[in-house]
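Okay, so here's the structure we're looking at.
The values are calculated or read from the model by the stated rules, or taken from the named source; none is laboratory data. Only a predicted model underlies this, so the values are computations on that prediction, with no experimental measurement involved. Neighbour counts are summed over all protein chains in view; Cβ atoms, including those assigned to glycine, are modelled from backbone coordinates with ideal geometry.
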């Protein structure tokens with residue numbers, strides 16, 4: 001079952017105002033056009049919203065000029081997850097935005113690649129402490145994109161902008 005959270009009305013996108021369970025959110029994200037059209041699939045979102053697994057299979061429409069994964073698709077598969085997971089862990093009293101992202105391509109990516117996101121409880125606690133006075137906090141999170149052999153083909157750093165919602 002879903003419900004609209006009025007406290008967030010007008011401050012972030014419509015999807016952030018709908019409360020979905022992990023399985024429901026996974027289904028919605030998998031039908032989101034940027035992911036659907038790039039071949040990106042969310043395989044799992046932890047029921048506690050502390051983890052997610054995303055994969056990108058090699059298809060004719062997501063190859064680059066030299067036949068490996070298109071770099072934009074590799075970066076896109078990492079785009080919203082740290083932000084969404086942190087939003088769900090902090091709740092509606094916080095504003096969470098993606099602020100910055102960097103990707104380092106380490107090897108040509110072929111076949112199915114996977115990114116596994118994890119936000120430990122300690123990081124959530126760190127954010128709460130750092131924003132307790134109403135100030136902003138900009139933590140950095142890192143995820144590896146690995147191929148089927150477990151070799152890292154790219155690493156991505158995401159910086160979030162987080163603050164308590166103003167009354």
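Odds and ends about this structure:
- Reported count of residues in segment 33-53, each being more than 21 Å from residue 19 (Cα to Cα), in contact (Cβ under 8 Å) with a residue 40 or more places away in the chain and out of contact with any helix residue (DSSP H, G or I) (no Cβ under 7 Å at 6 or more places or on another chain), is 0.
- Restricted to strands (runs of 3 or more DSSP E) entirely inside segment 23-136, those with at least 2 residues that are over 15 Å from the mean Cα position of the chain (by Cα) are 94-105.
- Tally, over segment 137-164, of residues that are part of a loop (DSSP other than H, G, I, E, B) and surrounded by fewer than 16 Cβ atoms within 10 Å (Cβ to Cβ): 5
- Scanning segment 1-22 for residues being more than 15 Å from residue 79 (Cβ to Cβ), modelled with pLDDT under 80 and under 14 Å from the mean Cα position of the chain (by Cα) gives a total of 0.
- Remark: residue 73 matches the filter, which requires a residue to be modelled with pLDDT of 90 or more, farther than 18 Å from residue 141 by Cα and buried (at least 19 other Cβ atoms within 10 Å of the Cβ).
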